[in-house]
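Q: Got a structure for you, questions after.
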């Protein structure tokens, strides 16, 4: 009588199969991740395109870009008194005074607010790939924002860690979070993702500091004029570094030592400021992880078109004049005219001038 043989895998065979599966997974996971990021890039590009088209409609109505600079003498005089008691210096005056001049304290000068009636969907200001973003952290529920600031002085500012310099937004932008300066601070975490309710979150930046109130006739080449695009924790301006590398804190900010940050940190910009080596400006590979979409960013232009560009192409095209209107972060004394000048000024000290691409 023959005994029936029981068939099965040996241990060696099982290990070989597991090894093959592991190798295939290691090969396929990056492909899947890249495919997922490609889809996110396309979604973000569509958002940027919608915002660029909203600018086109606005320009049709008003023949100039929206204002972003405060002109009300009462607001400027009040903010110049340092009502937030920040006690810190700025290259063009005190912190609160600077936030008054740049319109950060006026919720009705924020371009997402101005364009809201043209866009109708605030979700387009978000980017599914963003690691750093900003949002409606300081919400003023009184249409007379100056009156509300004055009435609540002492309840906002340096002592409580939030104020108009966090960029004010008006009633309704807090979503399910109460629209006030008290609850608004909890709407969005500092330089992070949305944490409560449906408060406004912004990861697509606008070029308010460069294009404020500019007439259409003053623009020579609208196809090269950047109006919006991927942005980091300062979404109301588009400096070159944060346009090319949105998920970094201050790649070109001299007083912050030109560092990168850990996006998973509770305060990613704090870790950024600890690096005074300037390595991110010297080494392209060191800053590549801080790009947003497969090594590049989505940009929207004054003629209404939008496109994806490699990070270093953004830098090169700005240096050659092919891209216009990106902000030069910092005062003129920070700017370098050459790589040699930048190298000689940096050393082991905090960087004294921004990168050599600002020629």
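The values are calculated or read from the model by the stated rules, or taken from the named source; none is laboratory data. Note that this is a predicted model, so its numbers are computed, not measured. All Cβ positions, even for glycine, are placed from backbone atoms using ideal geometry, and neighbour counts span all protein chains on display.
Q: Tell me, please, whether a residue that is closer than 26 Å to residue 214 by Cα, surrounded by 12 or more Cβ atoms within 10 Å (Cβ to Cβ) and in the same structural domain as residue 112 (by TED's automatic domain parsing) can be found in the stretch 20-42.
A: Within the stretch 20-42, none of the residues are closer than 26 Å to residue 214 by Cα, surrounded by 12 or more Cβ atoms within 10 Å (Cβ to Cβ) and in the same structural domain as residue 112 (by TED's automatic domain parsing).
Q: Related question: Just checking, which of 126, 121 is touching a strand residue (DSSP E or B) at 6+ places or on another chain (Cβ under 6 Å), surrounded by fewer than 21 Cβ atoms within 10 Å (Cβ to Cβ) and modelled with pLDDT of 90 or more?
A: Of the residues listed, the single one that is touching a strand residue (DSSP E or B) at 6+ places or on another chain (Cβ under 6 Å), surrounded by fewer than 21 Cβ atoms within 10 Å (Cβ to Cβ) and modelled with pLDDT of 90 or more is 126.
Q: Does residue 70 meet the test of being surrounded by 11 or more Cβ atoms within 10 Å (Cβ to Cβ), on the phi > 0 side of the Ramachandran plot and either in a helix (DSSP H, G or I) or at pLDDT below 95 (or both)?
A: no
Q: Quick check on residue 99: is it within 19 Å of the chain's Cα centre (by Cα), assigned by TED's automatic domain parsing to the domain that holds residue 44 and modelled with pLDDT of 85 or more?
A: Considered against the rule, which asks whether it is within 19 Å of the chain's Cα centre (by Cα), assigned by TED's automatic domain parsing to the domain that holds residue 44 and modelled with pLDDT of 85 or more, residue 99 comes out as no.
Q: Please return the ranges of helices (runs of 4 or more DSSP H) entirely within the stretch 200-287 where 1 or more residues are surrounded by fewer than 18 Cβ atoms within 10 Å (Cβ to Cβ), in the same structural domain as residue 301 (by TED's automatic domain parsing) and modelled with pLDDT under 85.
A: Hits in the stretch 200-287: 268-273, 279-282, 284-287.
Q: Among the residues of the stretch 138-165, which ones are assigned to a loop (DSSP other than H, G, I, E, B) and buried (at least 23 other Cβ atoms within 10 Å of the Cβ)?
A: Selection gives 156, 163.
Q: Restrict the check to the stretch 158-170 and report whether at least one residue is farther than 30 Å from residue 296 by Cα, modelled with pLDDT of 90 or more and assigned by TED's automatic domain parsing to the domain that holds residue 55.
A: Checked against the condition, which is being farther than 30 Å from residue 296 by Cα, modelled with pLDDT of 90 or more and assigned by TED's automatic domain parsing to the domain that holds residue 55, the stretch 158-170 yields at least one hit.
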